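Have a look at the structure below, then the notes.
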Amino acid sequence: MGGKTEPAKSESMATATTRSPDLINSSFFSFKSLKLKTKQQELLLRISILGLVYILAFIARLFSVLRYESMIHEFDPYFNYRTTLFLTEKGFYEFWNWFDSESWYPLGRIIGGTLYPGLMVTAALIYWALRFLRFFVHIREVCVLTAPFFASNTTLVAYFFGKEIWDTGAGLVAAVLIAICPGYISRSVAGSYDNEAVAIFALLLTFYLFVKAVNTGSLAWALGSAFGYFYMVSAWGGYVFIINLVPLYVLVLLITGRYSMRLYIAYNCMYILGMLLAMQIRFVGFQHVQSGEHMGAMGVFLLMQVFYFLDWVKYQLNDTKLFQTFLRITVTSAILVGGIALGVGTASGYISPWTGRFYSLLDPTYAKDHIPIIASVSEHQPTAWSSFMFDYHILLFLFPAGLYFCFKRLSDATIFIVMYGLTSLYFAGVMVRLILVATPAVCLISAIAVSATVKNLTSLLRTKQKVSQTGSTKGAGSSKASSKVTLDQSQPFQKNGAIALLVGVFYLLSRYAIHCTWVTSEAYSSPSIVLAARGAHGNRIIFDDYREAYYWLRQNTPTDAKIMSWWDYGYQITAMGNRTVIVDNNTWNNTHIATVGRAMSSYEDEAYDIMRSLDVNYVLVVFGGVTGYSSDDINKFLWMVRIGGGVFPVIKEPDYLVNGEFRVDKGASPKMLNCLMYKLCYYRFGELTTEYGKPPGYDRARGVEIGNKDIKLEHLEEAYTTSNWIVRIYRVKPPTNRL
Amino acid sequence: MKQSSVVDLLLLLLAIAVLATPAFSDLVLSKVERRIDVTSQVARVTKTLKVLNSGSESVSEFTLTFPKFLGNNLAYLSVVHSEGKGKSKRPLANLSVREANAKGLPDSISVYSVSLPKALSKGETLTLEVVAAFTNVLQPFPEKITQGEIHLVMLQESAQYLSPYAVESQSLSIKLPNARIESYTKLENTKLQGSDLKYGPYKNLQPFSYSPIVVHFESKAAFAVAEKLVREIEVSHWGNVQVTEHYNVVHRGAQLKGEFSRLDFQARPNPRGASAFRHLLARLPPRAHSIYYRDDIGNISTSEMQSDSKKTELLIEPRFPLFGGWKTFFTIGYGLPLSDFLFASEGKRFVNISFGSPIIDLVTEKLIVQIVLPEGSKDISVTTPFTVKQSQEIKYSHLDIAGRPVVVLEKDNVVPDHNQHIQVYYKFSNINLLSEPLMLISGFFVLFITCIIYTRADFSISKSSPTYLAKLQWDEVLATLQEVQSIIQKCLAAHDKLEASLRDLSRTGDIQTCKAARKSTDSLLKDLSKDLKPLLGFLQSSPSASHISPKVEELVVKEKELQEKLMAKHTTVVEGYEKKSSGRDIENRIASQQQKIIALRQEIEDLLEFIDEI
């Protein structure tokens, strides 16, 4: 626990208990001498609070295990799980050089060079460490619990960060807030074995160490932050946020005249070392010196040197006029040289331009027009107000209050947190998934608001008691003295007002806790691979169709079978079905995905040619018409058309629409009614009565009777359909003999 | 498969023709009754043989023969010597059976030799009960069917009993499942009664008589075959036997060809899915607990459990219905109370547990039973009712150092008849039980010790750096402050004593004790102030304490003042008592002092608190 490294000078927390004023009774003498001193009490209290928060953060994330089981969630985590399994079985070098032929058939994928290995290596290290300590756990359990474990660690970092930018009280509040904040829990419940799980920890750690380095000017802390940055780079692509925010922060400090030697040391050490370390990750490689997204950091680094040089020259030259001229020449030439270098680099192609993802962050409408594959991902959608409310609850209005406190006590550290908060909140507005990045900042700033408010209110209460008791005018500490000044000119109801406000704050915080627990248990703990619904009698019904289908594939298809499905299910099929897929969630090759999209949106015989050319043996579609499961392939179909049409102009979106409307009933366009996706989803569905009182072939997900009930398949045959029809698998027949 | 068995049959017939009539020995089977049960996937043959020695020499060996294509699939064979007839029949002894080399017999015949309980002398008779179970003898025909077709299988046998001995009278009855019978070979004396097919009786058969029959019928039984089953039985002396079973199950019936239509399967499960099986029933021992059912990709939620005092029944449903040729893999696990399975005998302990799978009607092609004994078990031996392949391994589990000894038993072609108890004997001392808790305790102990050492030890590299020195100095200042605080606390305690003595005085009026108390307190306070002096001097001289020392000085001055005031008060009160003035008078006199004392006391408290917060 972190408590033991406390510097001795820390102020006591506002809520720490004071000693009992009853000193008259001397029989308690011996007991009193044993009693802990206030400082020790406070330390004990702090450590126990932190310990409890640590445990709380962990157990709050176990809802998913209790409600369902210890399993990997969603899509990407299955890839991570599969690679971790590979890493633990075959060792690091095999993993690093792994060419995966099970995905992106026939291209394959160089796994070692196209992933962020931080998560897998972390889980494998935990696994090996546990085995070394003679705990023979299964790697799956380690993977499932990695995210909660790192969430717990994040609370510790949040505490230290809060202490660094404000005080221990704020640190503690920040730890509690972040422990249960839904915005963070949504991506770190047990089983959500994704890069973000460790990345948020790494992100906050890097920021904390950097701020610490700026505050102390110590090389050691800067080194620490460089390593934190390295861990972040190894874990998640979101490191680009760090490498842009930190230079931006430095720039702001330079502009506001807060340049100092401490900043110089911190930034230079962190940037240079961090860059060199980051280059060790193959997926990142030389991007730090070659890509447009990283150029800002380099520019600030050079600017820093110019600044230092000028400082030195200013110190050498006593003549201010001479210095002014020198300054003008140096700055102009520096900017000129930098600009030319950037221009030449970009023109010659040495510096790559910004990527689509980066553009779409700065301009929310960019992806929709240019890269449908990015826009098609649900977590890349702009954030709705309701999800802010859902994920932040009271933090949403504590945040501005915290900003006010930060501005009131402006320091290097608070400037950082303010910048972090504001930029990340903007990005959170652009993309739903980036709420996660903003969460630590929002929690920290809100914690400042809560802590400062509570501290002020309690000190108000405590001072008043003292004054009424003794009538003395002497204050014990400077903070108390200042509050006494306000007290002297106070209104009579101030004490009651403070009590009322305190009660209000605690009410809000308890509402927050209730909200977080509710959100975690109801909304964020679903593995999405197992669907749960309430039956007519309130009993719980489980739809385990995905695993049923994947397990069928795993057991009852030839081991070299190639499965074609929409890319969403690629990772799951390779991990759970153990079969080769055409495309998967690593959307690195747009053309390949477009080919699948094209096959799905063509007529059966055209699609058959495409499938033959890709050696497809089985086609898998997800269909929610029987259960009313709405995120199925028919609802995703327009994206397939768009992505397919983006590469193959034969596919035209209007062909599938009727008056700009997407329909599957009798009024649907003929192309829609006869395309492969439609046929595969609705094959023999027309004979099935799904709901009482509705005609056969009634699609419950879309609430219509389907338009084409007489579907004949020529080149495919039904191989397997799960018990609730959610996943349907078709076998591609071999070509018929020519007569 | 089918073709090869036909070839086998031809070879067999040829061989029998060649053998002609030379008698194998002088034994004669006076009566043979054979019953073949084919209602499940296993063909279970029960034979009652009445053996008569018609020769002159006594015979101690009896030879059982099977056609090779049956013999190859023989999973289980037991021969019991029994006595009596009908209901009063009772088994006497299990006889040992071994595979014998066929002397002068063709390859197409498998030979087993039974050693009789006692040599059969001339004219004596003996009744043998033979139970044999065959797997894979019910051949699906046709070999591939669509979802809607019924599942037909074929049985090949001989209407006459194949034996090296002459048979005087024999009969055969085949118990077929209660369903459609497609065809059967019609010989003389063939009768079909309901689902029982009867051949015979046939009289006076020559040795090696053979008359092939083929029965083609519908089977509704689940052809569930575990290609491989690994049962791990982990014995923990903390009170649990944990059984984990990994099944690779396949449907060995006719393979499914063409489409699988969920619609047909749901709407008309019979006949559109009759050839598939959805459930398997496992009959676990009573008091089984913590049952789970999962596979490679997670928990399987479709299972039901019923339990009573006799048994625990677990109905497991694989993720998908198994059609012919479909496979699945799953794991079931359960805990059993140790007391039901672990016993002691002659200084040894033994585990008595059933060998085969608890799933009923399951044929296992390769069964591996691993019995994991506690770490430190010695002198391990196994007894089994039939021969198995044995080996030993080491398994590492939680908190193991040397690993646990594992007894591995392997057997191919296991049928439900093999579900008998095996015993594993070993020696284990109870002290070993404590090793794991002790390891945990010592682990935590070491952890805490390291923490303590870490916080106490000085890890700074440069002992002369200014920050380090400053830190040392600051530590010293803090230590001094603590001492000052404790002294002040002692002073305050002395003050309290003084006050207490005054209260005693008011109660008892004993002036002398009060004075004595004052004297002792006085000297104590003097000593304390003496102690305080060097500390104050140190604080004043120390540069890093410059911002604290004024406060401390103030504290000491205030304390001194309080002391004086208290003494004054004390004197006043005592004097008042000596003068016998009234209580009210005294109170009036000390009232002003009292107020000051309280104020001073409060100030000292404040200062102490402030110092405390440093």
Quick one: A:LEU620 ticks every box in (1) under 14 Å from A:HIS715 (Cα atoms); (2) buried (at least 23 other Cβ atoms within 10 Å of the Cβ) bar one, so which box is it? (1)
Of all residues in the stretch B:1-50, how many are at pLDDT 55 or above and under 24 Å from B:GLU124 (Cβ atoms)? 16
I'd like to know if the stretch B:519-527 contains one or more residues that are within 14 Å of another protein chain (Cβ to nearest Cβ) and farther than 30 Å from A:GLU42 by Cβ. yes
For the stretch B:547-561, does any single residue satisfy the condition of being touching an Asp or Glu at 6+ places or on another chain (Cβ under 6 Å) and over 30 Å from B:THR467 (Cβ atoms)? yes
Mind listing just one residue for me: the one in the stretch A:547-587 that is polar (S, T, N, Q) and closer than 26 Å to A:GLU379 by Cβ and, of those, farthest from the other protein chains (Cβ to nearest Cβ)? A:THR587
Quick count over the stretch B:31-47, residues being closer than 16 Å to B:ILE360 by Cα and touching a helix residue (DSSP H, G or I) at 6+ places or on another chain (Cβ under 9 Å), is 4
Given the condition within 23 Å of A:TYR683 (Cα to Cα), more than 14 Å from chain B (Cβ to nearest Cβ) and surrounded by fewer than 23 Cβ atoms within 10 Å (Cβ to Cβ), answer yes or no: does some residue in the stretch A:588-595 qualify? yes
Residues (over 51 Å from the mean Cα position of the chain (by Cα) and among the polar types (S, T, N, Q)) located in the stretch B:186-201: B:ASN189, B:THR190
When you check B:LEU539 against the structure, is it within 14 Å of chain A (Cβ to nearest Cβ) and either in contact with a Pro (Cβ under 6 Å, 6 or more places away or on another chain) or in contact (Cβ under 8 Å) with a residue 24 or more places away in the chain (or both), yes or no? no
Taking the stretch B:572-598 and keeping residues of a type in the set (A, V, I, L, M, F, W, C) and surrounded by 16 or more Cβ atoms within 10 Å (Cβ to Cβ) leaves B:VAL573, B:VAL574, B:ILE586, B:ILE590, B:ILE597
Restricting to the stretch B:533-571, what's the tally of residues that are surrounded by 17 or more Cβ atoms within 10 Å (Cβ to Cβ) and assigned to a loop (DSSP other than H, G, I, E, B)? 1
Result of the Cβ filter at 7 Å on the stretch A:709-721, keeping first residues that are more than 7 Å from chain B (Cβ to nearest Cβ) and partners that are aromatic (Phe, Trp, Tyr) and buried (at least 16 other Cβ atoms within 10 Å of the Cβ), at least 6 apart or interchain, is A:ILE711/A:TYR682; A:ILE711/A:TYR683; A:LEU713/A:TYR683; A:HIS715/A:TYR608; A:LEU716/A:TYR730
Just need a number here: residues in the stretch A:643-675 that are touching an Asp or Glu at 6+ places or on another chain (Cβ under 8 Å) and of a type in the set (Gly, Ala, Ser). 2
Out of A:VAL658, A:VAL641, report the one residue that is of a type in the set (A, V, I, L, M) and surrounded by fewer than 23 Cβ atoms within 10 Å (Cβ to Cβ). A:VAL658
Of everything in the stretch B:295-306, what is away from chain A (no Cβ under 14 Å) and either under 16 Å from B:GLY333 (Cβ atoms) or in contact (Cβ under 8 Å) with a residue 24 or more places away in the chain (or both)? Give them in sequence order. B:MET305
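Conditions tested, residue by residue: (1) on the phi > 0 side of the Ramachandran plot; (2) touching a residue at least 60 places away in the same chain (Cβ under 8 Å); (3) acidic (Asp, Glu); (4) outside any strand (DSSP E or B).
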position: B:PHE208; (1), (2), (3), (4): yes, yes, no, yes
position: B:THR244; (1), (2), (3), (4): no, yes, no, no
position: B:PHE260; (1), (2), (3), (4): no, yes, no, yes
position: B:ASN270; (1), (2), (3), (4): no, no, no, yes
Which condition does A:TYR193 not pass, out of (1) of a type in the set (Phe, Trp, Tyr); (2) farther than 19 Å from A:ALA413 by Cβ; (3) in a helix (DSSP H, G or I), if it passes all the others? (3)
Being within 12 Å of another protein chain (Cβ to nearest Cβ), part of a helix (DSSP H, G or I) and either at pLDDT 85 or above or surrounded by 10 or more Cβ atoms within 10 Å (Cβ to Cβ) (or both) is the requirement here; does B:SER486 meet it? yes
Sort out which residues of the stretch B:262-284 are buried (at least 20 other Cβ atoms within 10 Å of the Cβ) and within 14 Å of chain A (Cβ to nearest Cβ), and write them in order of number. B:ARG262, B:GLY273, B:ALA276
Please go through (1) over 30 Å from A:GLY597 (Cα atoms); (2) surrounded by fewer than 16 Cβ atoms within 10 Å (Cβ to Cβ) for A:VAL300 and return the number of the only condition it doesn't satisfy. (2)
So which residues in the stretch A:691-719 are under 36 Å from the mean Cα position of the chain (by Cα) and surrounded by 13 or more Cβ atoms within 10 Å (Cβ to Cβ), if there are any at all? A:ASP699, A:ARG700, A:ALA701, A:ARG702
Listing of helices (runs of 4 or more DSSP H) fully contained in the stretch A:626-739 that carry 1 or more residues being more than 27 Å from A:HIS592 (Cβ to Cβ): A:670-674
Unique residue being hydroxyl-bearing (Ser, Thr, Tyr) and under 26 Å from A:TYR550 (Cα atoms) when the list is B:SER307, B:SER301: B:SER301
Out of the residues in the stretch B:307-319 meeting the condition of being buried (at least 21 other Cβ atoms within 10 Å of the Cβ) and over 18 Å from B:VAL243 (Cβ atoms), tell me which one is farthest from the other protein chains (Cβ to nearest Cβ). B:PRO318
Please name all residue pairs, on different chains or six or more residues apart, with Cβ atoms under 7 Å, provided the first residue is in the stretch B:157-186 and is in contact (Cβ under 8 Å) with a residue 40 or more places away in the chain and among the charged types (D, E, K, R) and the second residue is part of a loop (DSSP other than H, G, I, E, B) and surrounded by fewer than 17 Cβ atoms within 10 Å (Cβ to Cβ). B:LYS175/B:SER195
B:PHE320 - would you say it is of a type in the set (Phe, Trp, Tyr), in a loop (DSSP other than H, G, I, E, B) and out of contact with any Lys or Arg (no Cβ under 6 Å at 6 or more places or on another chain)? yes
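The values are calculated or read from the model by the stated rules, or taken from the named source; none is laboratory data. Treat the numbers as computed from the prediction; the structure is a model and nothing was measured. Note that each Cβ is placed from the backbone with ideal geometry, even for glycine, and that neighbours are counted across all protein chains shown.
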